[in-house]
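Notes for the one structure printed next.
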Amino acid sequence: MSQERDSGKPASGDASDGILSWTAVQLRDRLRSGQTGAEEVCEAYLEQIRRHNQDLGCFLTVDEEGAREQARQAAKRLSRDPHEAGALAGVPVAVKDNIVTKGLRTTAASKILDNFIPPYDASVVTRLRRAGAVILGKTNLDEFAMGSSTENSAYFPTRNPHDRERVPGGSSGGSAAAVAARLAPAALGSDTGGSIRQPAAFCGVSGLKPTYGRVSRYGLIAFGSSLDQIGPITRDVRDAALLMDVLAGHDPQDATSSRRPAPDFSGLLERDRKPLRIGVPRQWMGDGLQGGPDPEVKRAVQQALEHLESQGCRIEDVSLPHSEYAIAAYYIVAPAEASSNLMRYDGVRYGLRADNPRDLQDMYRRTRTQGFGDEVKRRIMLGTFVLSAGYIEAFYSKAARTRRVLLEDYRKAFAQVDLIAGPVAPTPAFKLGEKTADPWQMYLSDIYTVTANLTGIPALSVPLPPGPSGLPLALQLQAPHFQEPLLLQSARLLG
Ligand code: GLN
């Protein structure tokens, strides 16, 4: 039972086998001690991407030249003073393609941004660069992060490295599959309703959605602004802590960014490992929510809970009585915010513009008709509807009230326990094409993840050993606002 099962594998065969087997923390240590060079690491990953990206579809854009240049710079910094070179000096990172990168094409996997070269870096990208990270390229996603399978990408779907007939989850499927297939040691994802945690679960890697406001959203292409949060997808939780050390902190460019000082995530991880009280929402493990989780998922979660108990944790039954309304509330709030956020794609300032428009209306209509895919159009229509006069009270305002009630559910639960545990998704990775014809089935994949976004709390997906199907399985842990260190510490009890 180890989220660190890949770490410390002996370097077998040629040097690049060794490089690819190291976690981000191990890479950082080896780069600092001079055992490995930043350029060598960069080349090993570029080679791995050349070999496997065609088949897996993880990256939309690979920045070979840019990565080489960043690796050269990192090597210089490391040779000058390894401990001043930055927390990620020479460590390659993949970035989800809804996070803007200066001078590097950023599409959000949409045709409407097919030709978009951002004039600035997202704050998280600035932070990565400052820490000396090497940005390998931009990873595939569901268009505008709307989806749970990466099949809504306007370019190509990503395949699950554990079974290529299956989806990697979504919307950060490219990032999760890249980390799982060792096309990058670590990646950034974004999570509006589960998009970091569910693909991490489907691909057998770790995924953390931080507290709303913990990581800056400046430069994240907005989907549901009150729900969106950027976070790390990594091989293990130690790497998640390392990335959080770089990503977290106040940003004056994001009005919702928290002023709370960021903790030393990696330091805290090494220190406390006190046994905790862990609550399991009875609505999640029973059959109340859409029949409950699939038996394989349920069994894996139960085994993980037993393991935590054997480590001294107390497992308790808790109630989140309004979780049955979470999916409905989410699929009102998220599309409502999306319909407003996506108004900016009008063909005027940037992105696609339809040819030879007759007039302004015609340009808007044809640009958006050609530029957006079906799921994005569905969300815009849903969102416009729930915000329209006469319906806003019946839908949007009710959904907003549901968020407050859910927050109250969590407040009560967290008065009783330190953490909440349960499944990430109802099933393991499903087959490509299995749910594309039925959006409602696709939406139900988010049943256990959306509550963290609706309430703003942090949540982590931790890999568990595979079950009878051989597919990756995972445990979700949720904590009160700003308690990410507790999530990471308790995840280590599983390792
Ligand atoms: N699957 C959810 C949706 O389609 C969540 C997406 C996300 O977190 N970006 O909206």
(message) Between a residue in segment 342-355 that is closer than 17 Å to Pro118 by Cα and any residue that is open to solvent by 80 Å² or more (accessible area, probe 1.4 Å), which pairs come within a Cβ distance under 8 Å, given they are 6 or more apart or on different chains?
(response) Gly347/Arg353; Gly351/Asn115; Leu352/Lys111; Leu352/Asn115; Leu352/Gln370
(request) Mind telling me which of the residues Ala94, Ala71 ends up being at pLDDT 95 or above and outside any helix (DSSP H, G or I)? (result) Ala94
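Restricting to segment 285-300, count the residues that are more than 23 Å from Val405 (Cβ to Cβ), in a helix (DSSP H, G or I) and open to solvent by less than 50 Å² (accessible area, probe 1.4 Å).
Total satisfying the criteria: 3.
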(request) Working only within segment 251-265, note down all residues that are touching a residue at least 24 places away in the same chain (Cβ under 8 Å) and not acidic (Asp, Glu). (result) Gln253, Thr256, Ser257, Ser258, Arg260, Ala262, Pro263, Phe265
(request) Determine if segment 160-170 includes at least one residue that is touching an Asp or Glu at 6+ places or on another chain (Cβ under 6 Å), surrounded by 24 or more Cβ atoms within 10 Å (Cβ to Cβ) and without any contact (Cβ under 8 Å) to a residue 60 or more places away in the chain. (result) yes
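Anything in segment 346-399 that is among the hydroxyl-bearing types (Ser, Thr, Tyr), open to solvent by less than 70 Å² (accessible area, probe 1.4 Å) and part of a loop (DSSP other than H, G, I, E, B)? List them, or say none.
First, the residues of segment 346-399 that are among the hydroxyl-bearing types (Ser, Thr, Tyr): 350, 364, 367, 369, 384, 388, 391, 396-397.
Restricting the remaining residues to those that are open to solvent by less than 70 Å² (accessible area, probe 1.4 Å) gives 367, 388, 396-397.
Selection gives Ser388 alone.
With respect to Met343, is the statement that it is away from the ligand (no atom under 13 Å from the Cβ), crowded, with 16+ Cβ neighbours inside 10 Å and more than 22 Å from the chain's Cα centre (by Cα) true? Quick ask: steps written out before the conclusion?
Values: away from the ligand (no atom under 13 Å from the Cβ): yes; crowded, with 16+ Cβ neighbours inside 10 Å: no; more than 22 Å from the chain's Cα centre (by Cα): yes.
Considered against the rule, which asks whether it is away from the ligand (no atom under 13 Å from the Cβ), crowded, with 16+ Cβ neighbours inside 10 Å and more than 22 Å from the chain's Cα centre (by Cα), Met343 comes out as no.
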(message) I'd like the full set of residues that are open to solvent by 20 Å² or more (accessible area, probe 1.4 Å) and either within 17 Å of Thr449 (Cβ to Cβ) or under 24 Å from the mean Cα position of the chain (by Cα) (or both), limited to segment 301-330.
(response) His322, Glu324, Tyr325, Ala328
(message) Given the criterion within 14 Å of Glu143 (Cα to Cα), open to solvent by less than 10 Å² (accessible area, probe 1.4 Å) and more than 12 Å from the ligand (Cβ to nearest atom), identify the matching residue among Gly189, Gly174.
(response) Gly174
(request) Name the single residue, out of those in segment 177-186 being assigned to a loop (DSSP other than H, G, I, E, B) and open to solvent by less than 10 Å² (accessible area, probe 1.4 Å), that is nearest to the ligand (Cβ to nearest atom). (result) Ala184
(message) Can you go through Ala222, Ala255 and tell me which one is assigned to a loop (DSSP other than H, G, I, E, B), within 16 Å of the ligand (Cβ to nearest atom) and surrounded by fewer than 23 Cβ atoms within 10 Å (Cβ to Cβ)?
(response) Ala222
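So that you can scan it fast, the table gives a plain yes or no per residue for (1) part of a strand (DSSP E or B); (2) within 23 Å of Phe430 (Cβ to Cβ); (3) more than 16 Å from the ligand (Cβ to nearest atom):
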residue: Gly194; (1), (2), (3): no, yes, no
residue: Pro199; (1), (2), (3): no, yes, no
residue: Gly207; (1), (2), (3): yes, yes, no
residue: Arg217; (1), (2), (3): no, no, no
residue: Asp228; (1), (2), (3): no, no, no
residue: Ala240; (1), (2), (3): no, no, yes
residue: Pro263; (1), (2), (3): no, no, yes
residue: Gln283; (1), (2), (3): no, yes, yes
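Name the residues in segment 39-63 that are closer than 27 Å to Val167 by Cα and without any contact (Cβ under 8 Å) to a residue 40 or more places away in the chain, would you? Quick ask: steps written out before the conclusion?
Kept after step one, since they are closer than 27 Å to Val167 by Cα, are these residues of segment 39-63: 44-63.
Those that are closer than 27 Å to Val167 by Cα and without any contact (Cβ under 8 Å) to a residue 40 or more places away in the chain: Ala44, Glu47, Arg50, Arg51, Gln54.
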(request) Output yes when any residue across segment 266-277 is surrounded by fewer than 21 Cβ atoms within 10 Å (Cβ to Cβ), part of a strand (DSSP E or B) and in contact (Cβ under 8 Å) with a residue 24 or more places away in the chain, and no when none is. (result) yes
(request) Output the number of the condition that Gln441 fails; it satisfies all remaining conditions of (1) touching a residue at least 12 places away in the same chain (Cβ under 8 Å); (2) surrounded by fewer than 24 Cβ atoms within 10 Å (Cβ to Cβ). (result) (1)
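Tell me yes or no: at least one residue of segment 407-420 is within 16 Å of the ligand (Cβ to nearest atom), under 27 Å from Thr211 (Cβ atoms) and in a loop (DSSP other than H, G, I, E, B). Steps first, please.
Let us first name the residues in segment 407-420 that are within 16 Å of the ligand (Cβ to nearest atom), namely none.
Among the residues of segment 407-420, not one is within 16 Å of the ligand (Cβ to nearest atom), under 27 Å from Thr211 (Cβ atoms) and in a loop (DSSP other than H, G, I, E, B), which makes the answer no.
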(message) Condition first: in contact with a Pro (Cβ under 7 Å, 6 or more places away or on another chain) and away from the ligand (no atom under 13 Å from the Cβ). Now tell me which residues in segment 134-150 satisfy that.
(response) Val134, Leu136
(request) Could you please find all residues in segment 450-471 being open to solvent by less than 10 Å² (accessible area, probe 1.4 Å) and in contact with a strand residue (DSSP E or B) (Cβ under 7 Å, 6 or more places away or on another chain)? (result) Ala452, Ile457, Pro458, Ala459, Leu460, Ser461, Val462, Pro463, Leu464
(request) Write out, first by first residue and then by second, each pair whose Cβ atoms fall under 7 Å of each other, whose residues are 6+ apart or on separate chains, and whose first residue, in segment 237-250, is closer than 17 Å to Thr23 by Cβ and open to solvent by 10 Å² or more (accessible area, probe 1.4 Å) while the second is of a type in the set (Phe, Trp, Tyr) and modelled with pLDDT of 95 or more. (result) Asp245/Phe265
(request) Could you tell me whether Val124 is away from the ligand (no atom under 13 Å from the Cβ), under 30 Å from Arg368 (Cβ atoms) and in contact (Cβ under 8 Å) with a residue 60 or more places away in the chain? (result) yes
(request) For residues that are assigned to a helix (DSSP H, G or I) and farther than 25 Å from Pro161 by Cβ, scanning just segment 430-442, find the one that is nearest to the ligand (Cβ to nearest atom). (result) Pro439
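The values are calculated or read from the model by the stated rules, or taken from the named source; none is laboratory data. It should be emphasised that the depicted structure is a prediction, and the values quoted were computed from it without experimental measurement. All Cβ positions, glycine included, derive from the backbone under ideal geometry; neighbour counts span all protein chains shown. Side chains are part of the model used for accessible areas, which takes the heavy atoms of the whole protein and leaves out ligands, DNA and RNA. Shrake-Rupley method; radii C 1.70, N 1.55, O 1.52, S 1.80 Å.
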